[in-house]
Ligand code: ADP
Ligand code: ZN
C-alpha cells in the first residue's frame with residue numbers, strides 16, 4: 001500500500017505549496033469559508049507532511065476541519081474515531097450537504113448498508129468514514145481497513161483515553177494498535193480539554209510518533225461572561241431571557257424539581273422551553289433533545305445530565321441559575337454556547353444560599369475525606385472566581401494556566417467595573433453578631449438581629465437584649481447578605497452542616513474583629529445594563545430592524561428545507577450565512593458563492609430558493625431611496 005505522504009509529497013521540490021493550494025480552494029468551494037481560522041492551516045499542513053499531531057483547540061475552534069480538509073484533499077479515506085454514535089450521523093449528514101463523500105460504520109446500519117460502504121471504501125470512493133473505537137478495533141474491521149487506502153486517522157475527543165479525566169472510555173485504550181496496524185499513516189489526536197498531564201497521556205497511550213503539538217488557548221472570545229448576585233432568581237432569569245427571545249439556549253439548574261418549575265415558568269412567559277433531567281422517561285428526554293437540535297430557538301432547562309455531545313453550533317446562551325461544581329465544569333458547560341463563532345452569552349447568578357447549600361452538600365456527601373477536600377477546593381476556586389473584581393475572562397484563563405492581556409472588553413467586569421468599599425466595620429458588626437448569638441444560627445436570623453427586627457425567634461431567644469441588636473440598620477437585607485456571602489467565600493466564616501447551617505467563625509475572623517486588618521468588599525452591581533447598548537462585540541452581526549421580516553422569512557425557508565431533508569436547520573445554513581445573505585442581498589449564483597458558508601454543493605441545493613426569496617422581498621419592498 002502506498003503511503004499518503006508518498007502521493008502528497010510527489011510534488012516536490014516545490015514542497016507543500018500544491019496540496020496547500022488545493023486545501024485553500026476546497027475551503028472556499030466546499031465549505032464556503034474565506035480563510036483558515038487560527039491554527040487550522042498549520043495542522044492541515046502537518047497532515048500533508050505525514051506527521052502525527054496533537055491538536056488542542058477550544059470548543060468551536062474548528063477542529064473538524066483540521067482532519068476533514070486533508071482527508072478530502074488527499075487520496076484515500078480519512079478514518080475518524082469518534083466516541084458517540086449519535087453524533088456521527090449529524091456529522092456525516094452535514095458533510096454530505098457540503099458534497100463530501102462521507103459515511104459512518106456502526107451498529108445502526110444493516111448488513112447491506114455496510115456492504116455498500118465497504119465496497120465504496122474498497123474503490124477509494126469515500127473521503128471520510130466515521131467509526132466508534134470499539135467498532136474500529138474489531139478484528140474484521142481492522143483487517144478490512146488495512147486493505148483500503150487510508151489518508152489519515154483522526155482521533156476525536158482524544159482525552160477519552162485518559163483514565164484520570166472525566167470522560168474516560170475503556171475502548172480508547174485499545175487505539176494504540178493503530179500505530180502498528182497503519183504504519184506510516186499520519187494520526188491526529190484532537191481534544192478541547194487537556195491539561196499538560198492529560199496531553200502527555202494522550203501521546204503515550206495512543207503511541208503517537210513524535211507528534212507536532214498544536215496547543216491553542218482556551219479563550220472563547222465570542223462568549224461574554226457575566227456573574228450576578230442572586231436576588232430574585234426567577235425575575236433575573238426572565239429579564240436575561242427577554243434579550244434572547246427566539247434564540248436557542250440552555251438553562252442549568254441543580255435539581256430536577258427546579259428544572260421542572262423553571263421550564264414551566266419560562267413557557268408561561270412565552271419561551272419555547274423544555275425540561276431535561278435524568279428523572280424523565282428516556283423517550284421524553286430524547287424528544288426534547290431532538291427538538292432542541294432540530295428546531296430554531298428552543299430553550300432547554302436542564303440538570304448537568306444534558307450537554308454531553310451537544311454539537312449544536314448556534315446555542316446563543318448558557319445560563320446558570322445554580323452554581324456548577326467547579327471552574328472546569330463551568331467552562332465545559334458554558335463552552336456549549338457560540339460554537340459558530342457568533343456572539344454568545346454565559347450568564348450566571350449565585351447567592352448566599354448557594355454557597356451555604358453547596359458546601360453543606362459536600363460536607364454531607366458519602367465521599368471519602370480526600371475526595372471531599374478536593375471537591376471543596378474546587379468549589380472554593382469557583383466561588384473566588386465569582387467574586388473577582390478584575391477581568392473575568394483573564395481570571396478564567398489564568399485558572400487554566402493561560403496569560404490573557406486584560407481588559408477583554410467582553411465580560412461583566414470589563415464592561416461595568418464593580419466598585420469596592422471598605423467593609424471592615426460592616427464585617428466586624430456581622431462577626432460580632434454571630435459571636436453574640438453563640439454561633440448557633442443561620443444567615444436569616446443573624447441578619448434579623450443586626451437589623452433590629454421583631455421576630456418570634458428573636459423574642460424566644462431574647463436576642464433584642466444583645467449589644468449587636470439593631471446595629472446594622474445602615475445596610476439593607478440584601479447588602480448584609482452580600483457582606484456575609486463574601487465573608488463565607490473569603491474564608492472568614494463557614495456554615496456548619498452538622499448544626500443546621502449555623503454560622504461559625506474561622507480563625508481568619510480574629511484579626512479582622514480586632515481591627516488588625518481591613519477588608520475591601522465588592523459592591524453589588526444593581527441594574528447591569530451594559531449590553532443593552534449593544535456595543536459591537538466579537539462575532540456580532542445584528543439584523544437591522546428593517547430587515548427583521550426578511551430574517552424571519554429566511555429562517556422559515558431554512559426550516560422548511562431542513563425539514564424536507566430531515567436535517568437540523570443549521571446544517572442547511574448557519575445564522576451567520578443568513579445574515580451575510582441579508583447584508584449582501586446577492587442576485588446571482590456567483591455573488592452568493594462569495595458569501596461565508598456557501599460552497600458549491602449548498603449553492604446548487606439551496607441557492608435558487610434563497611435567491612428567489614430575496615428577489616421577492618426586493619420586489620415587494622417600496623424603494624425608499
Ligand atoms: P470544534 O470541533 O473545535 O468544537 P467545529 O469543528 O465544530 O469545532 O467548528 C466550529 C464551527 O466553526 C463550525 O460551525 C464550523 O463550520 C466553523 N468553522 C470552522 N472552521 C472555519 C473557518 N475556517 N472559517 C469559518 N468558520 C469555520
Ligand atoms: Zn474582561
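The values are calculated or read from the model by the stated rules, or taken from the named source; none is laboratory data. Treat the numbers as computed from the prediction; the structure is a model and nothing was measured. Don't worry about glycine lacking a Cβ; one is built from the backbone with ideal geometry, like all the others, and counts go over all protein chains shown.
What about residue 319, is it in contact with a helix residue (DSSP H, G or I) (Cβ under 9 Å, 6 or more places away or on another chain) and within 27 Å of residue 247 (Cβ to Cβ)? Give the steps one after another, and end with the answer.
Numbers: in contact with a helix residue (DSSP H, G or I) (Cβ under 9 Å, 6 or more places away or on another chain): yes; within 27 Å of residue 247 (Cβ to Cβ): yes.
Yes.
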Could you give me the residue pairs with C-beta distances under 6 Å whose first residue belongs to segment 33-45 and is under 14 Å from residue 215 (Cα atoms) and at pLDDT below 95, whose second residue is more than 9 Å from ligand 1 (Cβ to nearest atom) and not in a loop (DSSP other than H, G, I, E, B) wherever it lies, and which are 6+ apart or on separate chains? 39/214
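Quick check: is even one residue across segment 188-207 in a loop (DSSP other than H, G, I, E, B), surrounded by fewer than 19 Cβ atoms within 10 Å (Cβ to Cβ) and modelled with pLDDT of 95 or more? Don't jump to the end; show me each part of the working.
As a first pass, look at segment 188-207 and keep what is in a loop (DSSP other than H, G, I, E, B): 192-195, 206-207.
Add one more test, that the residue is surrounded by fewer than 19 Cβ atoms within 10 Å (Cβ to Cβ), and what stays is 195, 207.
Adding the requirement that they be modelled with pLDDT of 95 or more leaves 207.
Scanning segment 188-207 turns up at least one residue that is in a loop (DSSP other than H, G, I, E, B), surrounded by fewer than 19 Cβ atoms within 10 Å (Cβ to Cβ) and modelled with pLDDT of 95 or more.
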If you go through 559, 579, the only one that is free of Cβ contacts under 8 Å to residues at least 40 places away in the same chain, out of contact with any strand residue (DSSP E or B) (no Cβ under 6 Å at 6 or more places or on another chain) and surrounded by 14 or more Cβ atoms within 10 Å (Cβ to Cβ) is 579
Taking segment 62-94 on its own, how many of its residues are more than 10 Å from ligand 1 (Cβ to nearest atom) and not in a helix (DSSP H, G or I)? 11
What pairs come out if I take residues in segment 48-68 that are at positive phi and touching a residue at least 60 places away in the same chain (Cβ under 8 Å) and pair them with residues that are near ligand 1 (Cβ under 6 Å from one of its atoms) and part of a loop (DSSP other than H, G, I, E, B) whose C-beta lies under 6 Å away, six or more apart or interchain? 60/339
Working carefully through the options 374, 447, find the one that is at pLDDT 95 or above and more than 16 Å from ligand 2 (Cβ to nearest atom). 447
Test each condition in (1) out of contact with any strand residue (DSSP E or B) (no Cβ under 7 Å at 6 or more places or on another chain); (2) within 11 Å of ligand 2 (Cβ to nearest atom); (3) touching a residue at least 40 places away in the same chain (Cβ under 8 Å) for residue 393 and report the one that comes out false. (1)
For residues in segment 29-51 being closer than 23 Å to residue 218 by Cβ and touching a strand residue (DSSP E or B) at 6+ places or on another chain (Cβ under 7 Å), which is farthest from ligand 2 (Cβ to nearest atom)? 46
Residue tally, condition loosely packed, with under 14 Cβ neighbours inside 10 Å and either at pLDDT below 85 or assigned to a helix (DSSP H, G or I) (or both), over segment 517-539: 8
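Specify the residue that is surrounded by the most Cβ atoms within 10 Å (Cβ to Cβ); the eligible residues are those in segment 396-410 that are near ligand 2 (Cβ under 8 Å from one of its atoms) and farther than 21 Å from residue 350 by Cα. Write out each step before concluding.
At the first step, the residues of segment 396-410 found to be near ligand 2 (Cβ under 8 Å from one of its atoms) are 406-410.
Adding the requirement that they be farther than 21 Å from residue 350 by Cα leaves 406-409.
Details: 406: 16, 407: 16, 408: 21, 409: 14.
Ranking the candidates gives 408 first.
Listed residues 366, 295; which is surrounded by fewer than 20 Cβ atoms within 10 Å (Cβ to Cβ), over 30 Å from residue 562 (Cβ atoms) and away from ligand 1 (no atom under 16 Å from the Cβ)?
Working: 295 fails: over 30 Å from residue 562 (Cβ atoms).
366 is the lone residue from the list that is surrounded by fewer than 20 Cβ atoms within 10 Å (Cβ to Cβ), over 30 Å from residue 562 (Cβ atoms) and away from ligand 1 (no atom under 16 Å from the Cβ).
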Do we have any residue at all in segment 416-430 that's touching a strand residue (DSSP E or B) at 6+ places or on another chain (Cβ under 8 Å), farther than 16 Å from residue 331 by Cα and within 14 Å of ligand 2 (Cβ to nearest atom)? yes
Of all the residues that make up segment 425-444, how many are closer than 24 Å to residue 385 by Cβ and either surrounded by fewer than 22 Cβ atoms within 10 Å (Cβ to Cβ) or at pLDDT 95 or above (or both)? 3
